[in-house]
Amino acid sequence: MLTYKLHLIRHGLTAANTDGRYVGGGTDEPLCALGINGLEFLKGNYKYPEVERLYTSPMLRATETCKLIYPEMEYVVVDNLKECNFGEFENKSFAELSNNIRFTYWLKHQSEFVPEGGESNQEFAQRCADGLNQVFMDMMKNNIHEAACICHGGVMALLLGMYAYPQKPFHEWTSDSGCGFTVATNTQFW
């Protein structure tokens, strides 16, 4: 039975990441110098998987990571693998939001509360599931057995929390920038 292996890799750091801001699908910022240096360090000291195809979120931080890690490869943009849109909380730090009653409620009741201008957990989960399905269907259709996907920490944690074995809550599937997880499936299982 044919196996399809996908390496999920988190994008490099941005200034917002280092500042502790909520950076989701509504903030399209580039990698910062620390993020570029971190990816270059990882690439120089470890070996990223050799892959037949490269997929990415459309966000600038993800496409720039593609170009640093896999400079010779073209990539396929998968719009549905964009980070969650945090709406009114987008690009703000915890300190800026800590006295906001709506933010406090969101932290406690994320499954019920949708930030103004943002997306619900259900919308985010369905969109990411659709994106992962698009990737695997493309791999199967084009006989690609090993690929990489540069995406976001929230996307990776959500997808692994939904589909990975052993099953763990999504918050246990965190990854450092430039690092990630490898998943595998086959046509029967998928």
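The values are calculated or read from the model by the stated rules, or taken from the named source; none is laboratory data. None of these values were measured; they are calculated from a predicted model. Every residue, glycine among them, receives a Cβ derived from its backbone with ideal geometry; neighbour counts consider all protein chains shown. The protein model used for the area step is the full one, side chains on, heavy atoms only, and it has no ligands, DNA or RNA in it. Shrake-Rupley method; radii C 1.70, N 1.55, O 1.52, S 1.80 Å.
Only one of (1) open to solvent by 50 Å² or more (accessible area, probe 1.4 Å); (2) assigned to a helix (DSSP H, G or I); (3) touching a residue at least 12 places away in the same chain (Cβ under 8 Å) fails for A62. Which number is that?
It is condition (1) that A62 fails.
When you go through F103, F124, F113 one by one, which is the residue that is hydrophobic (A, V, I, L, M, F, W, C), surrounded by 14 or more Cβ atoms within 10 Å (Cβ to Cβ) and closer than 20 Å to C151 by Cβ? Walk me through how you get there before you give the answer.
Working: F103 fails: closer than 20 Å to C151 by Cβ; F113 fails: closer than 20 Å to C151 by Cβ.
Of F103, F124, F113, the one residue that is hydrophobic (A, V, I, L, M, F, W, C), surrounded by 14 or more Cβ atoms within 10 Å (Cβ to Cβ) and closer than 20 Å to C151 by Cβ is F124.
With the requirement that a residue be surrounded by fewer than 18 Cβ atoms within 10 Å (Cβ to Cβ) and part of a helix (DSSP H, G or I), what does segment 66-79 give you?
Residues satisfying the conditions are K67, D79.
Looking at (1) farther than 27 Å from A164 by Cβ; (2) hydroxyl-bearing (S, T, Y); (3) modelled with pLDDT of 95 or more, which is the one condition that is false for S98?
Condition (3) is where S98 drops out.
Among (1) under 22 Å from V183 (Cβ atoms); (2) assigned to a helix (DSSP H, G or I); (3) open to solvent by less than 60 Å² (accessible area, probe 1.4 Å), which single condition is Y55 missing?
With respect to (1) under 22 Å from V183 (Cβ atoms); (2) assigned to a helix (DSSP H, G or I); (3) open to solvent by less than 60 Å² (accessible area, probe 1.4 Å), Y55 is out only on (2).
On the basis of being hydroxyl-bearing (S, T, Y) and either in contact with a strand residue (DSSP E or B) (Cβ under 8 Å, 6 or more places away or on another chain) or at positive phi (or both), does Y46 make the cut? Spell out how you get there, then give the answer.
Numbers: hydroxyl-bearing (S, T, Y): yes; either in contact with a strand residue (DSSP E or B) (Cβ under 8 Å, 6 or more places away or on another chain) or at positive phi (or both): no.
For Y46, the condition - hydroxyl-bearing (S, T, Y) and either in contact with a strand residue (DSSP E or B) (Cβ under 8 Å, 6 or more places away or on another chain) or at positive phi (or both) - is not met.
Find the residue count for segment 128-156, including only residues that are of a type in the set (A, V, I, L, M, F, W, C), open to solvent by 10 Å² or more (accessible area, probe 1.4 Å) and touching a Ser or Thr at 6+ places or on another chain (Cβ under 7 Å).
1
Return yes when G26 is of a type in the set (G, A, S) and either closer than 24 Å to I9 by Cβ or touching a Leu at 6+ places or on another chain (Cβ under 9 Å) (or both) and no when it is not.
On the way: of a type in the set (G, A, S): yes; either closer than 24 Å to I9 by Cβ or touching a Leu at 6+ places or on another chain (Cβ under 9 Å) (or both): yes.
Yes.
For the subset of segment 173-190 comprising residues that are outside any strand (DSSP E or B) and not hydroxyl-bearing (S, T, Y), which member is nearest to M156 (Cα to Cα)?
Going through segment 173-190, the residues outside any strand (DSSP E or B) turn out to be 173-179, 187-190.
Among the residues that remain, those that are also not hydroxyl-bearing (S, T, Y) are: 173, 176, 178-179, 188-190.
On the way: W173: 7, D176: 11, G178: 12, C179: 11, Q188: 23, F189: 20, W190: 18 Å.
Per the criteria, the residue is W173.
State all residues of segment 28-50 that are closer than 18 Å to V155 by Cβ, surrounded by fewer than 19 Cβ atoms within 10 Å (Cβ to Cβ) and over 14 Å from the mean Cα position of the chain (by Cα); if no residue qualifies, say none.
Within segment 28-50, just E29 meets the criteria.
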